[in-house]
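Heads up: the structure comes next, in structure tokens.
The values are calculated or read from the model by the stated rules, or taken from the named source; none is laboratory data. Since this is a predicted model, take the numbers as computed values, not measurements. Ideal geometry is used to build each Cβ from the backbone, glycine not excepted, and the neighbour counts take in all protein chains shown. Accessible surface areas use protein heavy atoms only, side chains included; no ligands, DNA or RNA. Shrake-Rupley method; radii C 1.70, N 1.55, O 1.52, S 1.80 Å.
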Amino acid sequence: MDNRNSLLATSLLGSVLLFSGPLAAETIRIGIGHQSMVTNTVSGGIVLEKLDLLNKHLPRTGKYADADYRIEFRDYDSGPPITNQMLAGKLDFGVMGDYPLIVNGAKFQATGKQQTRFIAVTGYNLKGTGNGIVVPKDSPVQSLADLAGKSLSTPVGSAAWGMTLKVLRDAGLSDKVTLVNQSPPVGAANIAAGKIDAHADFCPWSEIMEFRGTARKIYDGSEAGIPTFHGIVVRDDFAKQYPEVVEGVLKATLAAQQWISDDPRRAAEKVAEWTGVEKEVLYLYFSQGGISTMEASIKPQWVEAMKYDHALLQQEMQIPDLDFAAWIDDSYLKKAYSDMGLDYAAAVASVVSPVARAPGRKPAEIWFQDQGIVAYDSTAAMLAAEANAEASGNAINATYVYDNLTGLKLFGKAAYLVKDASGEVLAFMKKSDSEQHIAQHGGSALLTDAPVAMLD
């Protein structure tokens, strides 16, 4: 071979080697369906996206050394559309509430060809708060019984819809209340305009409407006696092909949960920028003693709750069977915990439950516009500070108190305040609870618009 042919051969060989690398590299699509407006799902969706956490935790060695990741986040109002997209093969992961998670698993198993796996929790409330039923602020409706003959809207297929089915059945109202399918934004708008009698929704829509002053809660999810939570499902075929990618997604979720817990106020402010949900509402969920606990382990309590929920859905909506043993798979999560130096067994055993008077937790807070969040030793002291701030023109973003019965965190302006016979100021989520306390223990109700004036 002459020099010219030798050079040509070398050049061709180099070209083959040059182009074989990129052509051989695999492109791995990671499609995540999430709900940015839902507080319990942000650690599995919007926080991952905005902080670029996936890129920090996806595998880059071994068979993934040359992988080209194509990460796609798709945002939805509720869980059912995410399941539809997963069934169509357009999404690999779904982040949704308890009832939609169950429907997801059952629908996939019913195909006989496809499966999903429930692999982690993104946020929970042991007592079920997060779901709630509201009415327009000036509505005469005070209880579920008052909804007889009226219309109640809810996002059908959502966690709040599942709660509503149970609540109406337990109250004997299933055939007396007309259910209307409305998305969260539409339901909130109709409540504000007085176009619907009531609206049931998932977190944080009840609190959004309370904060905006357009609605009043008549039923809280904690009254149903069933925990509520959101979590992550993954297509089984994806998980089997890319188990290390699944672990990377879960590591990113753990990092997102830690980011929220480390600085709830910062998290509330940033998520508010990304989603449009008011930072004051987000802080109600993210803060110490707040509505949401951001922790990923799959606890026995969640499994039992889902089995109960599935039985309800089968009775009310005839959804398919669900083999929970085949569907629930925490093996990827255990590996993620281990790789990050965390104790999975300890996480499973630890359950955060709201209590009325938690040790070391002050009973009231004010979020001042200029000086941040200040905690107070009593609700009365908080009310006095609020009055002083208003008199001096010191703007307040929100006040927070805890329900005297359940320990659930509330907006101060949405709570029913009572001056106890002992002189202590107590907060209640529901007017009927405050009235019952006065009837049993004495004391007097404080006017919402002028509580301090009644303390003397």
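Just a few scattered comments:
- Number of the exception - residue 163 against (1) within 23 Å of the chain's Cα centre (by Cα); (2) more than 25 Å from residue 95 (Cβ to Cβ): (2)
- Qualifying residue in the range 372-383 (condition: without any contact (Cβ under 8 Å) to a residue 12 or more places away in the chain, farther than 23 Å from residue 206 by Cβ and open to solvent by 50 Å² or more (accessible area, probe 1.4 Å)): no
- Here the range 96-143 is the region considered, the condition is being within 22 Å of the chain's Cα centre (by Cα) and over 23 Å from residue 166 (Cβ atoms), and the residue that is most open to solvent (accessible area, probe 1.4 Å) is 117.
- Inside the range 320-330, residues that are of a type in the set (Gly, Ala, Ser) and surrounded by 13 or more Cβ atoms within 10 Å (Cβ to Cβ) make up a count of 0.
- Single match in 297, 292, 287 (criterion: touching a residue at least 60 places away in the same chain (Cβ under 8 Å), farther than 20 Å from residue 202 by Cα and open to solvent by less than 60 Å² (accessible area, probe 1.4 Å)): 297
- For the range 408-415, the criterion of being at pLDDT below 95 and more than 26 Å from residue 135 (Cβ to Cβ) is met by no residue.
- Only a single item in (1) in a helix (DSSP H, G or I); (2) at pLDDT 95 or above; (3) within 20 Å of the chain's Cα centre (by Cα); (4) buried (at least 16 other Cβ atoms within 10 Å of the Cβ) is not met by residue 309, and it is number (2).
- For the range 144-165, the set of residues classified as part of a loop (DSSP other than H, G, I, E, B) and open to solvent by 40 Å² or more (accessible area, probe 1.4 Å) consists of 148, 149, 150, 156, listed by residue number.
- Against the numbered list (1) open to solvent by less than 30 Å² (accessible area, probe 1.4 Å); (2) of a type in the set (D, E, K, R); (3) more than 22 Å from residue 263 (Cβ to Cβ), residue 413 comes up short only at (1).
- Restricted to the range 335-360, and to residues there that are assigned to a loop (DSSP other than H, G, I, E, B) and open to solvent by less than 40 Å² (accessible area, probe 1.4 Å), the residue that is nearest to residue 415 (Cα to Cα) is 356.
Conditions (1) under 16 Å from residue 123 (Cβ atoms); (2) part of a helix (DSSP H, G or I); (3) not small (Gly, Ala, Ser), marked per residue:
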site: 179; (1), (2), (3): no, no, yes
site: 219; (1), (2), (3): no, no, yes
site: 222; (1), (2), (3): yes, yes, no
site: 234; (1), (2), (3): no, no, yes
site: 237; (1), (2), (3): no, yes, yes
site: 259; (1), (2), (3): yes, yes, yes
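- Among residues of the range 265-304, those that are part of a helix (DSSP H, G or I) and of a type in the set (Val, Ile, Thr), counted: 4
- Residue count for the range 124-139, restricted to those that are in contact with a strand residue (DSSP E or B) (Cβ under 8 Å, 6 or more places away or on another chain) and either more than 19 Å from residue 282 (Cα to Cα) or among the basic types (Lys, Arg) (or both): 4
- Test result for residue 22, at pLDDT below 95 and more than 21 Å from residue 303 (Cα to Cα): yes
- Selection from the range 156-177 of residues that are touching a strand residue (DSSP E or B) at 6+ places or on another chain (Cβ under 7 Å) and in contact (Cβ under 8 Å) with a residue 40 or more places away in the chain: 156, 158, 159, 160, 161, 163, 167
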